[in-house]
Amino acid sequence: SSDVVLDSTYPIYKFEFINIHPSGAGSEFQVGFRDGGTDYDATKTTTAFYSYHAENDSATTFTYNSSEDLAQSTAFQNLTVASQIGIDNDESASGQMYLFNPSSTTFVKHFMSETNYASNDDPPFSMNCYIAGYCNVTAAIDAVQFKLDTNNIQSGTIKLYGIKDS
């Protein structure tokens with residue numbers, strides 16, 4: 001919403017993404033950060049790992065996935081890794097992401113996310129992805145963009161909460 005502002009009102013912001021459903025197959029859910037300009041290209045360093053369980057019970061794993069890491073990159077960060085979100089009517093992605101001290105002009109801005117989704121693999125998998133990292137900028141992060149790398153978000157909800165100091 002245009003009336004939501006990332007500023008110094010709260011030291012922590014929590015995003016919830018609920019039942020994100022792509023309009024077509026082969027989509028990764030991504031996040032980008034804006035640092036005062038017009039593009040969502042704040043430099044990021046991240047790490048990614050995931051676990052999954054096949055719907056037919058044929059496979060399970062817990063894996064660090066270095067190919068999903070970003071190292072001083074301005075690219076969007078995948079929040080779904082290793083497999084794309086399924087497009088069947090009962091498949092979607094849900095999760096949360098925390099952003100810490102986005103208004104700081106002294107320190108990097110840390111973030112971490114957890115996303116669970118049904119993959120478009122055969123058989124489908126329940127994927128649970130963990131991403132953490134930081135925006136390596138001293139400028140304030142003034143906006144966050146969630147998108148799919150291909151296709152559009154057909155349906156779903158993204159909520160934003162501010163968490164105050166105790």
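Figures for the structure shown
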read-out: Chymotrypsin sites (Phe, Trp or Tyr not before Pro) restricted to DSSP loop in the stretch 63-127 with at most 11 other C-beta within 10 Å; value: PHE107
read-out: Value of relative contact order over the stretch 1-114, rounded to a whole percent, pairs C-alpha under 8 Å and six or more apart; value: 37
read-out: For the stretch 51-98, the Rg and Dmax computed from alpha carbons only, in angstrom; value: 13.4, 39
read-out: Pairs of Cα atoms farther than 16 Å apart, the stretch 1-88, %; value: 69
read-out: Overall dimensions of the stretch 54-166 by Cα: Rg and Dmax, Å; value: 16.0, 49
read-out: Unit Cα scatterers, Debye sum, the stretch 108-166: log10 I(q)/I(0) for q = 0.18 Å⁻¹; value: -0.98
read-out: Farthest positive-ward along the chain dipole, Cα basis, beta-carbon charges - from SER67, SER94, VAL5; value: VAL5
read-out: Full-stretch length increase - ASP7, ASP41 - with 0.36 nm per residue and alpha-carbon distance subtracted; value: 10.4 nm
read-out: Calculated FRET value between GLU55 and TYR161, using beta carbons and R₀ = 35 Å, to 0.05; value: 0.65
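Where a number appears in this text, it was derived from the coordinates with a stated rule and is not lab data. This structure is a prediction, so every number in the text was calculated from the model and none was measured. No Cβ is skipped: glycine too gets one built from the backbone with ideal geometry, and neighbour counts run over all protein chains shown.
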